[in-house]
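Everything below concerns the one structure shown next.
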Amino acid sequence: KNLNSGLLNLRQVFFGTFDLAIHTSGPTVDTKELWGSLRERVTRIPNSSGGNGSASFGHIMGGYDCGYYGYLWSEVFSADMF
């Protein structure tokens, strides 16, 4: 039931942190470098070389506008409710 739940939460923390960093940075951001450095810092999993994970993270420009952290925040509220 709880297998890998810690990794799932770290993944959500990483996505939220990346989203906030993108939307609070200056006009130009090296998303590939930011993705790699944040991923390793937050999840402790090294980024695979040769790819750009940020290019497949559609929530960035899909209307969330710095609000991706809401996914994990909703888990906090639901845990308190039940």
Looking at 36, 26, which is the one that is of a type outside the set (D, E, K, R) and either more than 20 Å from residue 9 (Cα to Cα) or open to solvent by 80 Å² or more (accessible area, probe 1.4 Å) (or both)?
26
Count of residues meeting criterion [open to solvent by less than 70 Å² (accessible area, probe 1.4 Å), within 17 Å of residue 10 (Cβ to Cβ) and more than 12 Å from the chain's Cα centre (by Cα)] in the stretch 39-56:
2
Selection from the stretch 24-51 of residues that are at pLDDT 85 or above and either in contact with a Lys or Arg (Cβ under 9 Å, 6 or more places away or on another chain) or within 20 Å of residue 71 (Cα to Cα) (or both):
24, 35, 38, 39, 42, 43, 45, 46
Taking the stretch 16-37 and keeping only residues that are closer than 22 Å to residue 74 by Cβ and within 13 Å of the chain's Cα centre (by Cα), one is left with 16, 17, 18, 19, 20, 21, 22, 23
Counting only residues that are more than 20 Å from residue 24 (Cα to Cα) and touching an Asp or Glu at 6+ places or on another chain (Cβ under 9 Å), how many does the stretch 46-65 have?
2
The stretch 23-82, residues that are of a type in the set (S, T, N, Q) and assigned to a helix (DSSP H, G or I)
24, 31, 37, 43, 54, 56, 74, 78
Do we find that residue 82 is aromatic (Phe, Trp, Tyr) and modelled with pLDDT of 80 or more in this structure?
no
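The values are calculated or read from the model by the stated rules, or taken from the named source; none is laboratory data. Note that the structure is a prediction, hence the values are computed from the model and not measured. Every residue, glycine as well, gets a Cβ built from its backbone with ideal geometry; the counts of neighbours run over all protein chains shown. Side chains are part of the model used for accessible areas, which takes the heavy atoms of the whole protein and leaves out ligands, DNA and RNA. Shrake-Rupley method; radii C 1.70, N 1.55, O 1.52, S 1.80 Å.
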